[in-house]
Structures are given as structure tokens and as C-alpha cells.
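Asker: Below is one structure. I have some questions about it.
Derivation of every value follows stated rules applied to the coordinates shown; laboratory data play no part. Here the structure is a predicted model, which means the values were calculated and not measured. Because the Cβ atoms are built from the backbone with ideal geometry, glycine has one as well, and the counts that use them run over all protein chains shown.
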Amino acid sequence: MTRVWLVPILLLVSGAAAGGGLIARGSTREGAVLLLAFALFAGLHSPLIFPRSIGVAEARRRSEADGRPIVFWRPGCAYCLRLRFRLRRRARRLHWVNIWRDPAAAAEVRAVNDGNETVPTVVVAGKPHTNPDPAWVREQLIAAGRRG
């Protein structure tokens, strides 16, 4: 099991234990609601909510060809979730790189963020931008569509 699934699995197990305990004590509705809430949080922290990740080398190659930004992210990052949800369907057009699955990507993020794995780090035309405003990322994506 890779660490990208650790947080979602822990959330599901915790929710099952807490919800099961409430159900066993006769609080069926509260137990079910708690389990559902934990399952929702597990889903939000899983890699399933994001578009399919690719490696940093492939992302660079694709970005050079189509001009679209590269987003370095990791599961469980609230700022990555914010970016993903604010971009809505447009997020699928970005090149997403999971730094927990690609050591070279993690090294690249550390190189531009004073040794920290600060995400999201968005690379536009070869220039990194740490935790940019989602509206700005949307503008960059639209501009890349006009060029490409």
C-alpha cells in the first residue's frame, strides 16, 4: 500500500469504528451519519478526486507541446482540493503530477520552495508558482488554449 491511500483508509477505519460503536449503542441514525461523513472525507482525501496523475517527465513533454500548466499536488492537501474544485471541469485539462508517486516531482517542488514540498505548485511556461489563485490558473489555462 502506498502512502497516498493511508489517510483515506485511516478515515474509513475510524469512521467504521466510531459509527459502529454508535450503532451498537442503539444510535443507528447518528452512527450512519458519522460513517457517511468519514466516508466523504476519505473520498476527498483520496487520489480518486483528481484527474489521473502522470510523471513529471511526461507532464513536461505534454506541457511543451500544448502549453497547458503542470500542477504538482499530493492527496490530503486542502489547497490542492480548493484548486481542483474551483477549476471544475477545466481541471482535467491540466497536467497533474502527484509528488508522492514521483520522487523526481517531489525533488522539483522542493527545489523551487526552499526545500519544502509545498503544493499545489503550478508551472506555467517553465515558471513555478506556489499555491496560486485558482482564478489565475484558470486564466493561464484559457490562454494556453488560445495559443495551442
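Asker: Could you please find all residues in region 104-132 being crowded, with 16+ Cβ neighbours inside 10 Å, charged (D, E, K, R) and assigned to a helix (DSSP H, G or I)?
Answerer: Passing the criteria: only E108.
Asker: Working only within region 117-135, note down all residues that are polar (S, T, N, Q) and either closer than 20 Å to R88 by Cα or in contact with a Lys or Arg (Cβ under 6 Å, 6 or more places away or on another chain) (or both).
Answerer: Scanning region 117-135 gives T121, T130, N131.
Asker: Another question, then. Return the residues of region 133-148 that are over 21 Å from I54 (Cα atoms) and in a loop (DSSP other than H, G, I, E, B); say none if nothing qualifies.
Answerer: D133
Asker: What number of residues within region 15-46 satisfy the criterion of being of a type in the set (S, T, N, Q) and part of a helix (DSSP H, G or I)?
Answerer: 1
Asker: Scan region 89-99 residue by residue and report those that are over 12 Å from V137 (Cβ atoms) and part of a helix (DSSP H, G or I).
Answerer: R89, R92
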